[in-house]
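First up is the structure itself, then whatever we jot down about it.
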Amino acid sequence: PMSICHVQENVLQRVLQLPVVSSTCETLQRKYSSTKESHPLMASVCEVYERGVQGAGALAMWGMEPVVRRLEPQFAVANNLACRGLDHLEEKIPALQYPVDK
């Protein structure tokens with residue numbers, strides 16, 4: 001059967017869109033936000049951490065860009081293989097299509 005992964009589709013995006021994953025992420029995000037709101041000290045620690053992660057992420061992407069461009073064909077092959085594996089998992093484990101509470 002034809003893979004539902006399209007050329008521009010990223011396997012990570014597909015995994016994040018699975019209901020079981022997205023509902024877990026939403027729950028964690030809500031808990032993180034409510035913790036920040038209810039604890040001022042925690043909020044300031046979280047803000048420092050968030051700024052650091054954003055800065056590190058931008059720096060890492062800037063440094064990785066030439067490497068990524070050179071490895072693009074290999075990434076495409078790996079992404080395609082991972083998408084096919086995900087297709088297989090989704091067929092074999094229907095629970096991946098349901099939110100965590102179900």
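Only one residue in A76, A60, A56, A82 is part of a helix (DSSP H, G or I), in contact with a Cys (Cβ under 9 Å, 6 or more places away or on another chain) and not acidic (D, E), so which one is that?
Numbers: A76 fails: in contact with a Cys (Cβ under 9 Å, 6 or more places away or on another chain); A60 fails: in contact with a Cys (Cβ under 9 Å, 6 or more places away or on another chain); A56 fails: in contact with a Cys (Cβ under 9 Å, 6 or more places away or on another chain).
Just a single option satisfies the conditions, and that option is A82.
Go through (1) more than 19 Å from Q13 (Cβ to Cβ); (2) assigned to a helix (DSSP H, G or I); (3) acidic (D, E) one by one and return the number of the condition D101 breaks.
Of everything listed in (1) more than 19 Å from Q13 (Cβ to Cβ); (2) assigned to a helix (DSSP H, G or I); (3) acidic (D, E), D101 misses just condition (2).
Matching residues to (1) surrounded by 10 or more Cβ atoms within 10 Å (Cβ to Cβ); (2) over 23 Å from S23 (Cα atoms); (3) among the β-branched types (V, I, T):
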position: S33; (1), (2), (3): yes, no, no
position: P66; (1), (2), (3): no, yes, no
position: A82; (1), (2), (3): yes, no, no
position: E90; (1), (2), (3): yes, no, no
position: K102; (1), (2), (3): no, no, no
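Being over 17 Å from V11 (Cα atoms), loosely packed, with under 10 Cβ neighbours inside 10 Å and not β-branched (V, I, T) is the requirement here; does L41 meet it? Spell out the reasoning first.
Working: over 17 Å from V11 (Cα atoms): yes; loosely packed, with under 10 Cβ neighbours inside 10 Å: yes; not β-branched (V, I, T): yes.
So L41 fits the description; yes.
Being of a type in the set (V, I, T) and open to solvent by less than 50 Å² (accessible area, probe 1.4 Å) narrows it down to one of V77, V20, V48, so name that one.
Within the list V77, V20, V48, the selection yields V20.
The values are calculated or read from the model by the stated rules, or taken from the named source; none is laboratory data. A quick note: this is a predicted structure, and the numbers were derived from the prediction, not measured. When we count neighbours, we look across all protein chains shown, and the Cβ atoms used for this are built from the backbone with ideal geometry, even at glycine. Side chains are part of the model used for accessible areas, which takes the heavy atoms of the whole protein and leaves out ligands, DNA and RNA. Shrake-Rupley method; radii C 1.70, N 1.55, O 1.52, S 1.80 Å.
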